[in-house]
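Below: the structure, in structure tokens.
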Amino acid sequence: MKPKAKREPSEISKERDSVTFLLKIPKDLWHRFIRTVPISRTRHNFILDLIERRVWEYEKASARV
């Protein structure tokens, strides 16, 4: 992946489209998907917390722009 400053506008647009798509996936679907990964329950919870925190940060940053 190129640094953000050197990426083409089309690449940035594609990235935003991907993020928007991922944000529209219902949480319960994320939960079911992550639970299929063969790792410990503690790691499942960590991943779910991480996703929720990143979504919150993204939404907060998007509101400022």
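For this structure, a couple of remarks:
- Relative compactness, the range 25-65, computed as alpha-carbon Rg over 2.2 N^0.38 Å: 1.34
- Environment charge at Arg43 (Cβ cut-off 12 Å; Lys +1, Arg +1, Asp -1, Glu -1): +1
- Taking label positions 7 Å along the Cα-Cβ direction at both Thr20 and Ala61, the computed distance is 1.7 nm, reported to one decimal.
- Rounded to the nearest Hz, the phi-derived 3J(HN,Hα) couplings of the range 44-49 under the Karplus curve 6.51 cos²θ - 1.76 cosθ + 1.60 (θ = phi - 60°) are 4, 4, 4, 5, 4, 4, where x marks glycine and proline.
Every number in this text was worked out from the coordinates using simple rules, so none of it is lab data. Note that the structure is predicted; figures quoted are calculated from it, not measured. All Cβ positions, glycine included, derive from the backbone under ideal geometry; neighbour counts span all protein chains shown.
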